[in-house]
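Undergrad: Starting off with a structure, shown below.
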Amino acid sequence: LLDEPTNHLDATALGFLTDQLTAWSGGLGVVTHDRALLRDLSADGRATFLDLDPTADGTPLLVTGTYDAWMERRLADRARWEQEYAAQVAEHRRLESAVADARSRLTDNWRPPKGHFKHKRATRADGVVQTLHRRERELASHAVEIPEPPLELCWPNASVPSGKTLLTCTDVAVSGRLEPVTLDLSGGEHVLLTGPNGAGKSTFVDVIEGAVVPTSGTVQVHDGVRVGVLTQHEPVWQHPELPAAEVYARHAARFDGAPGLASLGLLDRAARSTPVGRLSQGQQRRLHLAMVLAECPDLLILDEPTNNLDAVLVDAVTAAVKDTAAGVIVVTHDRQMLRDLGQWSRVELG
């Protein structure tokens, strides 16, 4: 039984682990979001995926087959869920509109046409009341029984001019932790930072952020450039008793133009109202990402961004960072993300 076994492993360790697991002859249970590992372990089509993400009927999704078979089933189920939910909501709104229309006919100074006999006027008034009651019964008997589908990631637009110089690092080194690194980054430029564990990737991120002073070399974040950093580990929450929405709101209040938490599609209503200390690791990771996006960064640094995020969200994050106008540095060992971002420039440490 392995719980997120690939977190924090470098390429050599990942290769060793994958070889050992694919050759394993006994029973194997793996809890993981690692898409490459899932592909490798299900290549023979005999793996069973137990997907505990929300479903329309509340039961886990169980699929036997390859990674692609699981994803196809998952995406098909999600599309059907969204369509059925939208249809129920549309019908409920139609019924609400019908009730409002019937009520307005009764209350908005409605009068039968002049020249009608009184019994005709009374009959028509009775008909309006009956229509209202019928519409109200129809509305009362119709409930939106399908739960709201999970939200999709909505990545804020970055307004960084292409070619604007964001970061200049020249021969930056930290004694015993980081060999000299030179890197210039402008708006719209995207870079992969790779290397084995201990090569100094996170140290380099700390230097850019200003948390570590380099032993030699220079680092300059240019004037007016906002830097957002998703660190490997979630922050230590100062007020774990506060709901996630409040923690986010206090952070976002420091930044002009910060989006609302709900609009980002990272946490559902229940998670937003949950004390941050009681959120799962994955939910805390989502909140941390939301707080970084709230900063509207010109330069976005993601250090092992796939840790504790599910495969569908990682795919969405990957697509978003490909398209953003911000400068981006991604530090990762995730094999699938490295493949997906394979066209980016790469800085290899160590």
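Every read-out reported here was derived from the displayed coordinates using simple, explicitly stated rules and does not represent laboratory data. Owing to the predicted nature of the structure, the values given are computational and were not obtained by experimental measurement. Glycine gets a Cβ as well: all are built from the backbone with ideal geometry, and neighbour counts include every protein chain shown.
Undergrad: Test of understanding: in a Gaussian network model of the chain with alpha carbons linked when under 10 Å, which of VAL227, VAL128, VAL191 would top the mean-square fluctuation ranking?
TA: VAL128
Undergrad: Any idea what the dipole of the chain comes to, in debye rounded to 20, about its Cα centre with Lys/Arg Cβ at +1 and Asp/Glu Cβ at -1? Before the final figure, lay out each step's value.
TA: On the way: 35 positive and 47 negative charges, 500 e Å.
The calculated dipole for the chain is roughly 2400 debye.
Undergrad: Could you compute the longest span of the chain free of GluC sites (Glu not before Pro) located in DSSP loops and having at most 14 other Cβ atoms within 10 Å, not counting the site residues?
TA: Working: sites that count: GLU145, GLU152, GLU241.
That would be 1-144.
Undergrad: Provide, for q = 0.09, 0.11, 0.14 Å⁻¹, the log10 of I(q)/I(0) from a solvent-free Debye sum over equal Cα point scatterers in the chain.
TA: Evaluating at q = 0.09, 0.11, 0.14 Å⁻¹ gives log10 I(q)/I(0) of -0.64, -0.85, -1.23.
Undergrad: Please give the per residue volume of the convex hull enclosing the alpha carbon atoms of the stretch 1-40, rounded to a whole number of Å³. Could you put the intermediate results ahead of the total?
TA: Values: hull volume 2.5 nm³, N = 40.
It comes to 62 Å³ per residue, whole-number rounded.
Undergrad: Test of the criteria: in the stretch 227-280, which trypsin sites (Lys or Arg not before Pro) are in a DSSP loop and have at most 11 other Cβ atoms within 10 angstrom of their Cβ? Working shown, then result.
TA: Values: sites: ARG250, ARG254, ARG269, ARG272, ARG278; in loops: ARG254.
Of the trypsin sites (Lys or Arg not before Pro), the ones in loops of the stretch 227-280 whose Cβ has at most 11 other Cβ atoms within 10 Å are ARG254.
Undergrad: Where both residues lie in the stretch 216-350, what percent of DSSP beta bridges are antiparallel, nearest 5? Present the calculation step by step, with values, prior to reporting the outcome.
TA: Details: 1 of 10 bridges.
That works out to approximately 10 percent antiparallel.
Undergrad: Working out 0.36 nm times the residue gap between VAL144 and THR170, then minus their Cα-Cα distance, what length gain in nm do you get to one decimal?
TA: So the extension gain works out to 3.4 nm.
Undergrad: What 222 nm value per residue comes from the helices of the chain, counting each DSSP H run with n ≥ 4 as -39,500 (n - 2.57) and dividing by all residues, nearest 500 deg cm²/dmol? Write out the running numbers ahead of the final one.
TA: Working: 11 runs with 143 residues, N = 350.
When only DSSP H runs of four or more count, the value is -13000 deg cm²/dmol.
Undergrad: With each pseudo-label sitting 7 Å past Cα toward Cβ, what's the LEU106-ALA262 distance in nm, one decimal?
TA: 3.1 nm
Undergrad: Just want to confirm a number: the relative contact order over the stretch 213-334, from Cα pairs under 8 angstrom separated by 6+ residues, in percent. Kindly include the intermediate steps, with their values, before the conclusion.
TA: Working: 157 pairs, mean separation 40.1, N = 122.
Relative contact order here is 33 percent.
Undergrad: Normalised by the residues of the stretch 2-108, what does the relative contact order come to in percent, with Cα pairs under 8 Å and at least six apart?
TA: Working: 76 pairs, mean separation 18.6, N = 107.
Reported relative contact order: 17 percent.
Undergrad: If you put +1 on each Lys and Arg Cβ and -1 on each Asp and Glu Cβ, how big is the dipole of the stretch 225-350 around its Cα centre, in Debye rounded to 20?
TA: Working: 12 positive and 15 negative charges, 32 e Å.
Approximately 160 debye in magnitude.
Undergrad: Between LEU242 and SER216, 0.36 nm times their residue separation minus their Cα-Cα distance comes to what?
TA: Values: separation 26, 0.36 × 26 = 9.36 nm, distance 4.17 nm.
Gain on stretching LEU242 to SER216: 5.2 nm.
Undergrad: At 7 Å along Cα-to-Cβ for each site, give me the label-to-label distance between GLU84 and LEU61 in nm.
TA: For GLU84 paired with LEU61, the spin-label model returns 1.3 nm.
Undergrad: Indicate the gyration tensor shape class of the stretch 218-312 (rounded, prolate or oblate), computed on the Cα atoms with a ≥ b ≥ c the square roots of the eigenvalues: a/c under 1.5 is rounded; otherwise a/b larger than b/c is prolate and the rest oblate. Provide the component values of the computation, followed by the final result.
TA: Numbers: a/c = 1.86, a/b = 1.46, b/c = 1.27.
Because a/c hits 1.5 or more and a/b exceeds b/c, the stretch 218-312 counts as prolate.
Undergrad: Still on this structure, please answer the following. Could you check the simple spin-label distance between ASP10 and GLN281, using points 7 Å along Cα→Cβ, in nm with one decimal?
TA: My value for the distance between the label points is 2.1 nm.
Undergrad: Between rounded, prolate and oblate, where does the stretch 158-251 land on the alpha carbon gyration tensor, with a ≥ b ≥ c its root eigenvalues, rounded for a/c under 1.5, else prolate if a/b exceeds b/c? Don't skip to the answer; put the middle values down first.
TA: Working: a/c = 2.25, a/b = 1.35, b/c = 1.67.
Oblate shape, in that a/c is at least 1.5 and b/c is the bigger or equal ratio.
Undergrad: Further question on the same structure: GNM on the chain, C-alpha springs below 10 Å: top fluctuator among HIS33, HIS133, HIS288?
TA: Of HIS33, HIS133, HIS288, the most mobile in the Gaussian network model is HIS133.
Undergrad: Let me ask something else. Using the Kirkwood radius built from alpha carbon pairs, what does the Stokes-Einstein equation give as D for the stretch 164-348 at 37 °C and 0.692 mPa s, in µm² per second?
TA: Working: Rh = 17.1 Å.
Answer, rounded: 192 µm²/s.
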